[in-house]
Amino acid sequence: NSGVVSLLKPLLLDVIPTIQQNAALALGRLANSSQDLAEAMVKENIIPQLLCTLPEQNRFYKKAAAFVLRAVAKHSSQLAEAIVECGALEMLVICLEDFDPGVKEAASWALSYIARHNSELSQAVVEAGAAPLLVLCLQEPEVAVQRIAAAALSDIAKHAPELAQALVDAGAVAHLAQMILNPDAKLKRQVLSALSQTAKHSVELAELVVEAEIFPVVLTCLKHSDEYVKKNGATLIREIAKHTPELSQLVVNAGGVAAGIDCIGSSRGAVRLPAIMMLGYVAAHSDNLAMAVIVSKGIPALCACLVEEEEDHIRAAAAWALGQLGSRSAAHARAVALANVLPVLLALAGDTRVAQDLQMKATLKSILQKCTHLPALEPLLHDAPPSILKHVLGQFSKVLPHDSKARRLFVTTGALKKVQEIEAEPGSLLQEYINTINNCFPEEIVRYYSPGYSEILLERVESYQPV
């Protein structure tokens, strides 16, 4: 409010270098603290003034100038575009070639903040020639420079396959893959993020990442003490597994499914999410892959997420993954049913406080339509709402006509009695299923279990005249 920005502007061209540096630093801190101040700096034409003498300046000024660019760019894509139009990218690329690691770090950071907004800005960063220089920064001995370079590569790769391909062409993937084993947790996070942002776009890019020999090394990340390393490691495996059955099979063969299940067991909250999704993607590809997840004890882990997690989107993801496992065949559905998942899903589907109750219902229906294990379906006869009940009865109506043992059990467990108590609209699908089930039993048995039949019998007793 006191007009400090316009007072600092001429100091950027002062004859004394320390005054120039401190003026730039002050502007950077102001811009960093508020979007309004960052916009004011663009309006005051401070950016061109900051950049005009940059190549001749010392390392302290270059670092301060890169800080200003980062502080302005972080607020919005419009501000990032404004500094790109002033020629910021060319100057930052010059800074990437500087001898001083601090200058390289500051320039990488600014480029990362520009690229993260959208694909157009990322494209501009790549076209300015930043990609190969960022890959060189990965090879610097300073961990701080490596971290920021990996973060910048991740921010560029995330927007589009063409941008990820540009980084592959610059040799980024091979260097990133070698750095997975680096002991620094913050560097690991960024490296795994950059690889997953590359692999997510297409089968070809995922295959290139796999060919860089990330397995089995990446599996160690799922046991790491740092939550973000765990999460980003699981995300990378998820982005590879989702593309094709072949890539999923490769993940299974490498031990990725077992590692993902361990990760779910040892974490809570959002860290579990990518591992949950990865199991769902693997199961979605084929019966054999889904069975591999079941054999590795994936169902109890996913069911635990349904029970333990508070966040709706995590429970919905676990339900989706269970749906992918249980809706493949009768054997798969039986495995899910035996783990006592169905009552849990039913409770969540009927809970109006659960925002994702529709996902729960859809999952439950998809598993029920394959489930022929009747003992697991029986408890649902007592609790399920009509929309779910028709799918339960539908399965009974398929199995009972061909299985005498099941028919006997159906009577002795009280299920037949329960079916007689269900009120269904005449002509509805529910009524059709009830009729099919009733036709599997002698008429007098069905009558015996019908509501009110005991009163009819008692009336006959009363009106009976002994001979």
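The values are calculated or read from the model by the stated rules, or taken from the named source; none is laboratory data. Everything quoted here is computed from the prediction, not taken from an experiment. Note that we place each Cβ from the backbone using ideal geometry, even for glycine, and neighbour counts take in every protein chain shown. What goes into the accessible areas is simple: the full protein's heavy atoms, side chains included, and nothing from ligands, DNA or RNA. Shrake-Rupley method; radii C 1.70, N 1.55, O 1.52, S 1.80 Å.
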| For the chain, what number results from the quotient of the Cα radius of gyration and 2.2 N^0.38 Å? | 1.40
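First check a/c for the range 213-371, with a ≥ b ≥ c the square roots of the eigenvalues of its C-alpha gyration tensor; if it is under 1.5, answer rounded, and if not, answer prolate when a/b is larger than b/c or oblate otherwise.
Taking the square roots of the gyration eigenvalues as a ≥ b ≥ c, the range 213-371 is oblate.
Compare LEU457, LEU302 by solvent-accessible area with a 1.4 Å probe and give them largest first, with all protein chains kept in place.
LEU457, LEU302
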| field | Cross-link pairs LYS186/LYS242; LYS370/LYS418; LYS370/LYS405; LYS9/LYS74; LYS158/LYS361 - those with Cα-Cα distance over 24 Å | value | LYS186/LYS242; LYS158/LYS361
| request: Lys and Arg at +1, Asp and Glu at -1: add these up for the other residues within a Cβ distance under 12 Å of VAL251 and post the number. | output: 0
| said: So the label point goes 7 Å from the Cα of SER266 along Cα→C-beta, right? Which residues of the range 189-205 then have their backbone N under 18 Å from it? | reply: 189, 192
| query | Suppose every K and R has +1 on its Cβ and every D and E has -1 on its Cβ; what is the size of the dipole of the chain about the Cα centre, in Debye to the nearest 20? | reply | 980 debye
| field | Sequence of ILE434, ILE456 from largest to smallest accessible area, 1.4 Å probe | value | ILE456, ILE434
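Order of 284-292, 71-79 by packing, highest average Cβ count within 10 Å first?
71-79, 284-292
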| query | Ignoring ligands, DNA and RNA, what accessible area per residue does the range 247-356 give at 1.4 Å, in Å²? | reply | 37 Å²
| said: Using only Cα atoms and rounding to the nearest 10 degrees, what angle (0 to 90) does helix 101-115 make with the longest principal axis of the chain? | reply: 50 degrees
| task | With label points built 7 Å along Cα→Cβ from the Cα atoms of ALA304 and GLN35, find their separation and express it in nm. | result | 4.2 nm
| Evaluated at q = 0.19, 0.20 Å⁻¹: base-10 log I(q)/I(0), Debye formula over Cα of the range 1-114 | -0.89, -1.00
| request: With the full set of protein chains in place, find how many percent of the accessible area of the chain is carbon and sulfur; take the probe as 1.4 Å. | output: 53 percent
| note | Nearest 10, in degrees from 0 to 90: the angle of helix 357-368 to the longest Cα principal axis of the chain is 50 degrees
| remark: Calculated from DSSP helices alone, with each H run of at least 4 adding -39500 (n - 2.57) and the total divided by the residues of the chain, [θ]222 nm to the nearest 500 comes to -22000 deg cm²/dmol
| note | Between the modelled labels at ASN1 and LYS398 (7 Å from Cα along Cα→Cβ) the distance in nm is 7.2 nm
| How high is the FRET efficiency from THR244 to ARG408, r the C-beta distance, R0 41 Å, rounded to 0.05? | 0.30
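Could you state the accessible area per residue of the range 372-466 in Å², with a 1.4 Å probe and every protein chain left in place?
63 Å²
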| note | Computed on Cα atoms only, the convex hull of the range 372-466 has an orientation-averaged projected area in nm² of 7.1 nm²
| query | How far, in degrees from 0 to 90, does helix 374-383 lean away from the longest principal axis of the Cα atoms of the chain, to the nearest 10? | reply | 90 degrees
